[in-house]
Amino acid sequence: MAGTALVVGASGIVGNAVAERLLEEGWTVHGLSRRPGSGPGGIRPVAADLRDAAGTAAALSGLRPEAVFITTWLRQPTEAENIRVNAAMVRNLLDALRPGGATRHVALVTGLKHYLGPFESYGKGVLPETPFREEQARLDVENFYYAQEDEVFAAAARDGFSWSVHRPHTIIGMAVGNAMNMGTTLAAYATLCRETGRPFRFPGSAAQWNGLTDMTDARLLARHLLWAATTPAARDLAFNVVNGDVFRWRWMWGRIAGWFGLEPAPFDGTVHPLERQMAEDAGTWRALAGRHGLAEPDLGRLASPWHTDADLGRPIEVVTDMSRSRRLGFLDQQPTDDAFLDLFARLRAARLIP
């Protein structure tokens, strides 16, 4: 059942995939971002900064979306600021849409920091047992994901729309300028290793190298978001969203290396953060981009080493349960190695890597 949708954060790794999926299904799609740029053909751009309540209200005046997909956040220096800013953004958005009275469903994308804690205490202290399940209680720590959820819950109770919360693991998807993009970060790192002769070294912990983990393809997440928005039994629920397979990085690292024609360096049990390895690579990438005619010479718009380090450096095994979705009928799966390799092919086709 197609309708009118608003994708918030339409230029991001998730928002781009959601907009593409909605357009394929015949929806009218408005895409909100601070600086609308390239996106799927057919998307109707809306420029707004959600931190500005009056500006957001003006930008959305007259817009009557039936479904709203919130796929954006703004990183701040502390968790207290993350809470203040990101909760206000959700509140300003939903307040601006209230006069239209058309919204039937709001979907919020958060992530596994719901279980692992915010960046300030990420993967530390007493954590819930894995696999993570949606019914597990919130951690006793401040977390901007909780604040975002609470804004959605309050607006839903006030305005009568249904909601869904979607908690992906690390997302693999196509985007430029995204703050959390492991797939493109690893593609840039592998390219640099190949071009400079540096060893393609796993940057993370022994727990991640040897333990089980899972990930989320942005396109599968987009299908899940649309499913929840159009399936009555899935409404007013929170969901984990992962590809449906599990793997160990000691296997996946070789798969990634092979695509780039590299031999992976032996893992010596030592953490070698990408943020340190890639700290001086901006000039190298710019020169490489010039030689190969790449579309993006700014390494900072492709790679987010800090976030990849946070995920690959975790001292615990992380796997995610999707039983709630399976029981309600969402059965889609995506092999994670295929997700990585397909992304690399798309990056090459877009002239983002050689």
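The values are calculated or read from the model by the stated rules, or taken from the named source; none is laboratory data. Note that the coordinates shown come from a computational prediction; the quantities given were computed from them, not determined experimentally. As a convention, Cβ positions derive from the backbone with ideal geometry for all residues, glycine included, and neighbour counts pool all protein chains shown. Just the protein is used for accessible areas: all its heavy atoms, side chains included, with ligands, DNA and RNA removed. Shrake-Rupley method; radii C 1.70, N 1.55, O 1.52, S 1.80 Å.
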Q | Where only alpha carbons of the chain are counted, the Rg and the Dmax (Å) | A | 19.9, 59
Q. Taking the convex hull of the alpha carbon atoms in segment 1-106, what volume per residue do you get, in Å³?
A. 92
Q.
Show me, for segment 140-155, the HN-Hα J-couplings you get by feeding each phi into the Karplus relation (A = 6.51, B = -1.76, C = 1.60, θ = phi - 60°), rounded to Hz, glycine and proline as x.
A. 7, 7, 5, 8, 5, 4, 5, 5, 4, 4, 4, 5, 5, 4, 5, 5
Q) Around L352, which amide H atoms from residues at least 5 apart in sequence, or from another chain, sit under 5 Å from its own amide H, with H modelled in the peptide plane? A) A295
Q) What is the antiparallel percent of DSSP beta bridges lying wholly in segment 39-185, to the nearest 5? A) 0
Q. Which cross-chain or sequence-distant (5 or more) residues have an amide H under 5 Å from the amide H of W163, H modelled 1.01 Å from N in plane?
A. V106, D236, L237
Q. What accessible surface, in Å², does a 1.4 Å probe find on S11, ignoring ligands, DNA and RNA and rounding to the nearest 10?
A. 60
Q: Answer with one residue from V29, V46, L6: the one whose Cα lies farthest towards the positive end of the charge dipole of segment 1-53, charges on Cβ with Lys, Arg +1 and Asp, Glu -1.
A: V46
Q.
Suppose all protein chains stay in the model; what accessible area per residue would a 1.4 Å probe give for segment 183-226, in Å²?
A. 21
Q. Thinking of segment 78-203 as a set of Cα atoms, what percent of all their pairs are more than 23 Å apart?
A. 48
Q | Carbon plus sulfur fraction of accessible area for the chain, probe 1.4 Å, in percent | A | 49
Q) Which loop-located GluC sites (Glu not before Pro) does segment 260-335 contain, where loop means any DSSP state but H, G, I, E or B and the Cβ has at most 12 other Cβ atoms within 10 Å? A) E280
**Q.** segment 1-140 - accessible surface per residue (Å², probe 1.4 Å)
**A.** 44
(Q) Explain nothing, just the number: dipole magnitude of the chain about its Cα centre with +1 on each Lys and Arg Cβ and -1 on each Asp and Glu Cβ, in debye rounded to the nearest 20. (A) 600
Q: Taking amide H positions as placed in the peptide plane 1.01 Å from N, state which residues far from T320 in sequence (5 or more) or on other chains have amide H under 5 Å from it.
A: F132
Q) What translational diffusion coefficient, in µm²/s and rounded to a whole number, does the Stokes-Einstein relation yield for segment 232-354 at 10 °C and a viscosity of 1.306 mPa s, taking the hydrodynamic radius as the Kirkwood radius over Cα pairs? A) 91
Q: Over 18 Å, how big is the tail of the calculated P(r) for segment 53-103, in percent of all Cα pairs?
A: 35
Q: Let me know the shape class of segment 188-233, please: from the alpha-carbon gyration tensor, a ≥ b ≥ c as square roots of the eigenvalues, rounded when a/c is under 1.5, otherwise prolate if a/b is greater than b/c, or oblate.
A: oblate
Q) Tell me, what is a quarter of the convex hull surface for the C-alpha atoms of segment 168-252, in nm² with one decimal? A) 7.2
